[in-house]
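Here the structure comes first, spelled out in structure tokens, and everything after it is commentary.
The values are calculated or read from the model by the stated rules, or taken from the named source; none is laboratory data. Treat the numbers as computed from the prediction; the structure is a model and nothing was measured. Ideal geometry is used to build each Cβ from the backbone, glycine not excepted, and the neighbour counts take in all protein chains shown.
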Amino acid sequence: MSERSRKAFSVLAGALTLGLIHVAQAAEPIRIGSFLAVTGPAAFLGDPEKKTLELYVEKINAEGGVLGHPLELVLYDTGTSAKNAVTFVKRLLEQDRVDAIIGGTTTGETMAVIKLVEKAERPFISLAGASVIIDPVKKWVFKTPHTDRMAVEKVYADMKKEGVTEIGLIGGSGGFDKSCLKNAEELAGSYGLTIKATEQYGKGDTDMTPQLTKIRNAGVQAVLFCGFGAASTIVTKNYAQLGLEGRLYHNHGSCSKRFIEGAGAAAEGVRLPCAALVVADQLPEDDPQRAVGLAYIEAYEAAYGEEVSTFGGHAYDALFLLVGAIERAGGADPAAVRDALERTRNFIGVDGIFNMSPEDHLGLGPEAFKMLEVRGGNWKYLY
Amino acid sequence: MTEFFQFLFSGLTVGAIYALIALGFSLIYNASHLINFAQGEFVMIGGMATVFFAAAGIELPLAAVLAVLLAVVVAVAIERLGIAPAKGTSAVGLIIITIGAAILIRGLAGIVWDRNFHSLPPISGEEPLVIMGATLLPQSLWIFGVTAVIALLLWFFFAKTLWGKAMMATAYNPLAAQLVGIDTRKVVLVSFALAGALGALAGVLITPLAPTHFQVGVMLGLKGFAAAIVGGLGSGLGAIVGGLVIGIAEAMAAGYLSSAYKDAVAFVIILLFLVLWPSGLFGLRGIERV
């Protein structure tokens, strides 16, 4: 056999083998659709979500898939646009004919597609924050991230424990900020707190000392910051500059090392509620979330060489909630998977321990948040 | 009174930054009667490039200088590749080119650098000074100082040097300037380079106070534009006064009125000026020659 024909033969043999393997594995794939804000303003949320889904779908398939079926991930980038989200979800439902959908990085994208998934009757797990997604409960819609309301509850409980009664609020003009402020105003009474001042800042503002001066003059014992991003650093620095007495609380939007790096020494003593993932290594040995968190951190950082974020954790939980439901349902039949999702009990995820019910499509309680304090330029797990 | 000074310090700090950005708008407007909406992106480049040069191991002062140079290169590129080839296009057309350039730069920054927030250490510590019971960060003093020095340097450049005079001549009458032998194309180029440097400098100075981000230029650019309009487009003194007016008005509005409407203040001020006093505080009255 000439060198040339031998080469051709081996290629042919290889192709046949591959083909055979393919046929052997051709158990119908389970198709999971996803639409995420991989680019655009919410890219810092969507990017780790995408990486997490891709990483774990690959891992699950390498280990033989779910019930012998490989998973197939069909993922679209919405560019943080609710309009694109609608287009892509239509495509996922009609063209790609997916069995379930994980996605909607932001509340806007999620709310825009709820009607479509409800009509198409496909299980849908959202990765967005706001409580409106699951309150009131929608038959086909679930979500994994804690709600902003739970964050405020956690902060208020801590304030009450510290004997604080008079507080100030400061937040931005974005949707996340407004929702946090609204929850803070609604919940204050039930924790015996009086809001003495509520101040706002604008998009792109570089200095919040006037607002904080007003809060200081109102005479408060603690301040809750309702915002995220660059503003979290500016407010914290201005707070230290003005020398406000009383503790500054942040919400879960600041649970990123970037916040500590940006605010530097001014961040010392700030308290905030965060997902267990942020302090997985500091959790007590008997905390069931410790092992899950550490395993996720190790896998993600090994695969991508960058720090994990809590946002990727939401995608992790969504994927494994779905996989668990498919396994219990014995297949990818949408109605059976939905029912199984709703019956999820004691699922230990990165975000907390999920116990779903027909009345609760999130299944996390305020205890899913851990209270942290910034000490010595790092997170300190309190309780 | 304490709170008044606190609001004033806040307004002056932010206003001085707006002033540096407004100066960039005015320089380019003078040389080419063009409003460069990519001005805010120079601010972003100043902050982001310093952060990333520093992260690459370059000493901070040198990183800042390199960042300013990078902004100059980008500004020159906008002029050479965007504005110069479009000679003869209407003013609106040129403005749209600068908006396009701004979007391109922002997009590239998001890809080449990243989409996260970054901060820089302040030049001389974070221990606030207490004046009249109000606190002021040393970084604010640096911002005031640098803005004042820049204002003096620009005044010297325009009043005393041949190049500056050539630029002024081009501003008053491009055709006449060309006739007396001034290379007006070079004048436009130099104005872009200077505007790039000023914007980047503002970016370097503000980043220790407010973190930078690939989209940080949008709002800062708009506020700088508002300052330039209030001061009178094309006037150096106007740009500085306009910046301070907008900065202080915002801080006072946030302090004494509702902070929810603080952002609207700058834009209400521009609207009032555009309607009632379109040439601004120190601008030349627009004269249409036939």
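Quickly run through segment A:260-305 and pick out the residues that are without any contact (Cβ under 8 Å) to a residue 40 or more places away in the chain, charged (D, E, K, R) and within 14 Å of another protein chain (Cβ to nearest Cβ).
If the condition is that a residue be without any contact (Cβ under 8 Å) to a residue 40 or more places away in the chain, charged (D, E, K, R) and within 14 Å of another protein chain (Cβ to nearest Cβ), then A:Glu261 is the only one that fits.
Residue-wise test of (1) at pLDDT below 90; (2) assigned to a loop (DSSP other than H, G, I, E, B); (3) closer than 12 Å to A:Ala332 by Cα.
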{"position": "A:Ala24", "(1), (2), (3)": "yes, no, no"}
{"position": "A:Glu28", "(1), (2), (3)": "yes, yes, yes"}
{"position": "A:Gly33", "(1), (2), (3)": "no, no, no"}
{"position": "A:Leu45", "(1), (2), (3)": "yes, no, no"}
{"position": "A:Lys50", "(1), (2), (3)": "no, no, no"}
{"position": "A:Tyr56", "(1), (2), (3)": "no, no, no"}
{"position": "A:Asn61", "(1), (2), (3)": "no, no, no"}
{"position": "A:Val74", "(1), (2), (3)": "no, no, no"}
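For segment A:27-72, give me the residue count where each residue is on the phi > 0 side of the Ramachandran plot and away from chain B (no Cβ under 14 Å). Before you say what the answer is, go through the steps one by one.
Of all residues in segment A:27-72, those on the phi > 0 side of the Ramachandran plot come to A:40, A:64-65, A:67-68.
Narrowing the set further to residues that are away from chain B (no Cβ under 14 Å) leaves A:64-65, A:67-68.
Qualifying residue count, segment A:27-72: 4.
Can you tell me which residues in segment B:214-230 are crowded, with 24+ Cβ neighbours inside 10 Å, within 21 Å of B:Ile111 (Cβ to Cβ) and of a type outside the set (A, V, I, L, M, F, W, C)?
B:Gly217, B:Gly221
Can you find even one residue in segment A:192-212 that is within 24 Å of A:Arg149 (Cα to Cα), out of contact with any strand residue (DSSP E or B) (no Cβ under 9 Å at 6 or more places or on another chain) and more than 10 Å from chain B (Cβ to nearest Cβ)?
Looking through segment A:192-212, at least one residue is within 24 Å of A:Arg149 (Cα to Cα), out of contact with any strand residue (DSSP E or B) (no Cβ under 9 Å at 6 or more places or on another chain) and more than 10 Å from chain B (Cβ to nearest Cβ).
Filter segment A:233-259 down to residues that are at pLDDT 90 or above and at the interface with chain B (Cβ under 10 Å from one of its Cβ atoms), then give me how many there are.
Of the residues in that region, 7 qualify.
Please go through segment A:187-201 and pick out each residue that is assigned to a strand (DSSP E or B) and more than 10 Å from A:Gln211 (Cα to Cα).
Hits for segment A:187-201 are A:Thr194, A:Ile195, A:Lys196.
Quick one: which residue in B:Thr161, B:Thr170, B:Thr212, B:Thr207 is polar (S, T, N, Q), modelled with pLDDT under 90 and either under 11 Å from the mean Cα position of the chain (by Cα) or on the phi < 0 side of the Ramachandran plot (or both)?
Just one listed residue meets the conditions, B:Thr170.
Can we say B:Gly145 is free of Cβ contacts under 8 Å to residues at least 12 places away in the same chain, within 13 Å of chain A (Cβ to nearest Cβ) and surrounded by fewer than 16 Cβ atoms within 10 Å (Cβ to Cβ)?
On the way: free of Cβ contacts under 8 Å to residues at least 12 places away in the same chain: yes; within 13 Å of chain A (Cβ to nearest Cβ): no; surrounded by fewer than 16 Cβ atoms within 10 Å (Cβ to Cβ): yes.
Considered against the rule, which asks whether it is free of Cβ contacts under 8 Å to residues at least 12 places away in the same chain, within 13 Å of chain A (Cβ to nearest Cβ) and surrounded by fewer than 16 Cβ atoms within 10 Å (Cβ to Cβ), B:Gly145 comes out as no.
Given the conditions (1) in contact with a helix residue (DSSP H, G or I) (Cβ under 7 Å, 6 or more places away or on another chain); (2) surrounded by 21 or more Cβ atoms within 10 Å (Cβ to Cβ), and given that A:Asp317 satisfies all but one, which numbered condition is not satisfied?
Checking A:Asp317 against (1) in contact with a helix residue (DSSP H, G or I) (Cβ under 7 Å, 6 or more places away or on another chain); (2) surrounded by 21 or more Cβ atoms within 10 Å (Cβ to Cβ), the one that fails is (1).
Find the residue count for segment A:238-259, including only residues that are touching a residue at least 40 places away in the same chain (Cβ under 8 Å) and among the acidic types (Asp, Glu).
0
State all residues of segment B:206-245 that are assigned to a loop (DSSP other than H, G, I, E, B), within 14 Å of chain A (Cβ to nearest Cβ) and touching a residue at least 24 places away in the same chain (Cβ under 8 Å); if no residue qualifies, say none.
Answer for segment B:206-245, where residues must be assigned to a loop (DSSP other than H, G, I, E, B), within 14 Å of chain A (Cβ to nearest Cβ) and touching a residue at least 24 places away in the same chain (Cβ under 8 Å): B:Thr207, B:Pro208, B:Leu209, B:Pro211, B:His213, B:Phe214, B:Gln215, B:Val216.
Do we find a residue being out of contact with any Pro (no Cβ under 9 Å at 6 or more places or on another chain) and free of Cβ contacts under 8 Å to residues at least 40 places away in the same chain anywhere in segment B:41-55?
Yes, segment B:41-55 contains a residue that is out of contact with any Pro (no Cβ under 9 Å at 6 or more places or on another chain) and free of Cβ contacts under 8 Å to residues at least 40 places away in the same chain.
Taking B:Glu3 as the residue in question, decide whether it is within 13 Å of another protein chain (Cβ to nearest Cβ), of a type in the set (Asp, Glu) and in contact with a Lys or Arg (Cβ under 9 Å, 6 or more places away or on another chain).
Judged against the criteria, B:Glu3 is a match.
Right, B:Thr135: within 14 Å of chain A (Cβ to nearest Cβ), surrounded by 15 or more Cβ atoms within 10 Å (Cβ to Cβ) and either over 16 Å from the mean Cα position of the chain (by Cα) or not aromatic (Phe, Trp, Tyr) (or both) or not?
Yes; evaluated as a whole, the condition is true for this residue.
Looking for something in a loop (DSSP other than H, G, I, E, B), more than 13 Å from chain B (Cβ to nearest Cβ), among the polar types (S, T, N, Q) and crowded, with 23+ Cβ neighbours inside 10 Å - is there at least one such residue anywhere in segment A:215-232?
Looking through segment A:215-232, none of the residues is in a loop (DSSP other than H, G, I, E, B), more than 13 Å from chain B (Cβ to nearest Cβ), among the polar types (S, T, N, Q) and crowded, with 23+ Cβ neighbours inside 10 Å.
Here are some conditions: (1) free of Cβ contacts under 8 Å to residues at least 60 places away in the same chain; (2) within 11 Å of chain A (Cβ to nearest Cβ); (3) under 25 Å from B:Leu60 (Cα atoms); (4) not charged (D, E, K, R). B:Val130 meets all but one. Which one does it not meet?
Evaluating B:Val130 over (1) free of Cβ contacts under 8 Å to residues at least 60 places away in the same chain; (2) within 11 Å of chain A (Cβ to nearest Cβ); (3) under 25 Å from B:Leu60 (Cα atoms); (4) not charged (D, E, K, R) leaves (3) as the failure.
Being touching a strand residue (DSSP E or B) at 6+ places or on another chain (Cβ under 9 Å), of a type in the set (Lys, Arg) and touching a residue at least 12 places away in the same chain (Cβ under 8 Å) narrows it down to one residue among A:Lys139, A:Lys143; which is it?
Answer to the selection: A:Lys143.
Only helices (runs of 4 or more DSSP H) wholly contained in segment B:1-84 count here; list those with 1 or more residues that are touching a Leu at 6+ places or on another chain (Cβ under 7 Å) and polar (S, T, N, Q). So that I can check it myself, show each step before the final result.
Values: elements: B:2-32, B:39-55, B:60-77.
Output list reads B:2-32, B:39-55.
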